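The structure under discussion appears below in the form of structure tokens.
The values are calculated or read from the model by the stated rules, or taken from the named source; none is laboratory data. Bear in mind that the values here come from a model prediction, so they are computed numbers and not experimental data. Positions of Cβ are generated from backbone atoms using ideal geometry, with glycine treated the same way; all protein chains shown enter the neighbour counts. Surface areas here come from the heavy atoms of the whole protein model, side chains and all, with no ligands, DNA or RNA. Shrake-Rupley method; radii C 1.70, N 1.55, O 1.52, S 1.80 Å.
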Amino acid sequence: MRAGYELDELIQLVEKNVNSLKKTIEYNKKYFDYPFTSNCDHYYKLLLLHNRLENWEKFLSTLSTFKNTRCKEISKKSGYFEKVMKIENEGVHGFVTMQTQLDILEYMKQLEWKLEESEGMWLN
């Protein structure tokens, strides 16, 4: 199964809700073009629909941001990190650059996220 499949499914569901709300709002806006729409309840309903749409769009934006930061394909990098650290240690014994340390830390975070996703467990 590819990474983020469940999140893609959730995003599609939220997009359907957003599109449905947009269509409902458009329908209600057309309804107000008629002279019998002086009823305040209809305007209030339209206002509530706009608020609901705004919330769903924010949620969709949050999900998309979450997907872009967390749902990345993870490949095996242990061999790569081993080679980089060996080269850096040859220059100055026991020295590993800050960039290599940051790369290793980011890779470890991605692995932890994958473990949480696949095993349904929280790591301390």
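Values for this structure:
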{"quantity": "Unmet requirement for residue 2, which otherwise passes all of (1) under 30 Å from residue 111 (Cβ atoms); (2) surrounded by 10 or more Cβ atoms within 10 Å (Cβ to Cβ); (3) modelled with pLDDT under 90", "calculated": "(2)"}
{"quantity": "First in the stretch 72-88 and farther than 15 Å from residue 106 by Cβ and in a helix (DSSP H, G or I), second anywhere and at pLDDT 75 or above and open to solvent by 80 Å² or more (accessible area, probe 1.4 Å), Cβ under 7 Å, 6 or more apart", "calculated": "88/95"}
{"quantity": "Odd one out for residue 58, checked against (1) modelled with pLDDT of 85 or more; (2) of a type in the set (Lys, Arg); (3) open to solvent by less than 70 Å² (accessible area, probe 1.4 Å)", "calculated": "(3)"}
{"quantity": "Whichever residue in the stretch 40-66 is within 17 Å of residue 30 (Cβ to Cβ) and hydrophobic (A, V, I, L, M, F, W, C) and, among such residues, is nearest to the chain's Cα centre (by Cα)", "calculated": "53"}
{"quantity": "Of all residues in the stretch 89-98 being open to solvent by less than 90 Å² (accessible area, probe 1.4 Å) and part of a helix (DSSP H, G or I), the one that is nearest to residue 27 (Cα to Cα)", "calculated": "89"}
